Amino acid sequence: MSQKSIRAKSFTKSKDHICQHTYSKTIHSYGRYQLNRCLECGIIFSAKFKSVDPNSVYVNYYQNETPIRFRFGIEFIVKAFRLFRAFKLFTIDPHAKKILDIGSGRGYTLLFLRKYFNYDKTVGTQIEKHAYNFSKNVLKLEIYDKDLLDLNLPKNSFDFVTILHVLEHVKYPEEYIVKIKSLLKKDGHVVIEVPNFDSWTRRFCQEYWLGLDLKYHLYFFNKMSLCGLLQSHGFKIQKVHTFSLEYSTFTSVQSIVSWITKTDSVFFNLIQGNTSRKNTLPHILLFALLTLPVFLINLLLYFSDSGEDLLVVATNDK
């Protein structure tokens, strides 16, 4: 079979997954979870993606949604990061006025874009019911509690579409890219952020890598596979880096601490109120010890292939 015929067969349209995955191989097994890499597109997928319904998984993802999700004053830091995220979007295109944020969390980024950066239209999607209710009823945002593929939004209507730490969760990521392209204006921007499967802590910590999260993540990307997916649908890559001020250091440190202690994200669960404070002191001390050196390592890896979080900015090059 020729290479051309292999490619055609592999990318036959299917409602089962991103591509036919006719040619793939198992690269990792973590207990009952198995990860496979497509030999055509390079994207890594969990073997469970065929049967899982992501929408049902996230019904109570945010749990108790007062406006406070995190403890110990960390909620203030989270909001500061959301304001910084809004500012970063402003610097990419200061003239943008309309944005769709897919998987918009509790909506703070949209709120800050509307309040401080004069956005005329700020739209979000959020299938998790607590975050949806908070965004709609408390922050008074335009939020839809449906999957993007089920929404009938006007084509060519947004300057920005952001999908941050969401693409790894969805069942049909390629169809998301196609839908995003149809919603963007010409020269509009899509901003995608995902855990970087080629990150240094994933290689080092293996099953203790926080970004693995096999209960919720169906797909995994590196720089080549994510950029290739976007380019195959007519996007022009503008910027790529593997550092996130918000996520990288925390993800790396939590992964290393979990690896050292052979536990499952105790500190992360603690700050969300999902565990007691009993026996958490060693984890807190390790976090204090490792945070600065790990931050510096991630900063040095900013433009490398091995940083913790992969961010791609691409333009709809119609």
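The values are calculated or read from the model by the stated rules, or taken from the named source; none is laboratory data. These numbers were taken from a predicted model, which means no experiment stands behind them. Positions of Cβ are generated from backbone atoms using ideal geometry, with glycine treated the same way; all protein chains shown enter the neighbour counts.
Points worth noting:
- Of all residues in segment 158-172, none are of a type in the set (Lys, Arg), crowded, with 24+ Cβ neighbours inside 10 Å and farther than 26 Å from His95 by Cα.
- Residue in segment 143-155 that is touching a residue at least 12 places away in the same chain (Cβ under 8 Å), out of contact with any strand residue (DSSP E or B) (no Cβ under 6 Å at 6 or more places or on another chain), in a helix (DSSP H, G or I) and under 18 Å from Val170 (Cα atoms) present: yes
- As for segment 103-114, it holds no residue that is buried (at least 16 other Cβ atoms within 10 Å of the Cβ), among the β-branched types (Val, Ile, Thr) and modelled with pLDDT under 95.
- Flag if Tyr119 is modelled with pLDDT of 90 or more, surrounded by 15 or more Cβ atoms within 10 Å (Cβ to Cβ) and either farther than 25 Å from Lys179 by Cα or touching a strand residue (DSSP E or B) at 6+ places or on another chain (Cβ under 9 Å) (or both): yes
- So Lys278, is it over 22 Å from the mean Cα position of the chain (by Cα) and in contact (Cβ under 8 Å) with a residue 40 or more places away in the chain: no
- Residues located in segment 210-230, provided they are among the small types (Gly, Ala, Ser) and within 12 Å of the chain's Cα centre (by Cα): Gly211
- The single condition among (1) closer than 25 Å to Leu212 by Cα; (2) not in a strand (DSSP E or B) that Asn118 does not satisfy is (1).
- Every residue from segment 181-201 that is in contact (Cβ under 8 Å) with a residue 60 or more places away in the chain and in a helix (DSSP H, G or I): Lys181, Leu183, Trp200, Thr201
- Leu285 surrounded by fewer than 16 Cβ atoms within 10 Å (Cβ to Cβ), within 21 Å of the chain's Cα centre (by Cα) and not in a loop (DSSP other than H, G, I, E, B): no
- Selection over segment 219-234 of residues that are in contact with a strand residue (DSSP E or B) (Cβ under 9 Å, 6 or more places away or on another chain) and outside any strand (DSSP E or B) gives a count of 9.
- Check on Leu153, surrounded by fewer than 23 Cβ atoms within 10 Å (Cβ to Cβ), of a type in the set (A, V, I, L, M), under 22 Å from Ser255 (Cα atoms) and more than 13 Å from the chain's Cα centre (by Cα): no
- None of Glu128, Glu168 is of a type in the set (Asp, Glu) and touching a Leu at 6+ places or on another chain (Cβ under 9 Å) except Glu168.
- Boolean, Tyr108 is among the aromatic types (Phe, Trp, Tyr) and over 19 Å from Leu230 (Cα atoms): yes
- In the condition set (1) part of a strand (DSSP E or B); (2) buried (at least 22 other Cβ atoms within 10 Å of the Cβ), Ile237 is compliant with all but (2).
- Restricting attention to segment 160-180 and to residues that are in a helix (DSSP H, G or I) and out of contact with any helix residue (DSSP H, G or I) (no Cβ under 7 Å at 6 or more places or on another chain), the residue that is farthest from Tyr247 (Cα to Cα) turns out to be Val178.
- Total residues in segment 243-279, condition over 14 Å from Asp213 (Cα atoms), modelled with pLDDT of 95 or more and β-branched (Val, Ile, Thr): 6
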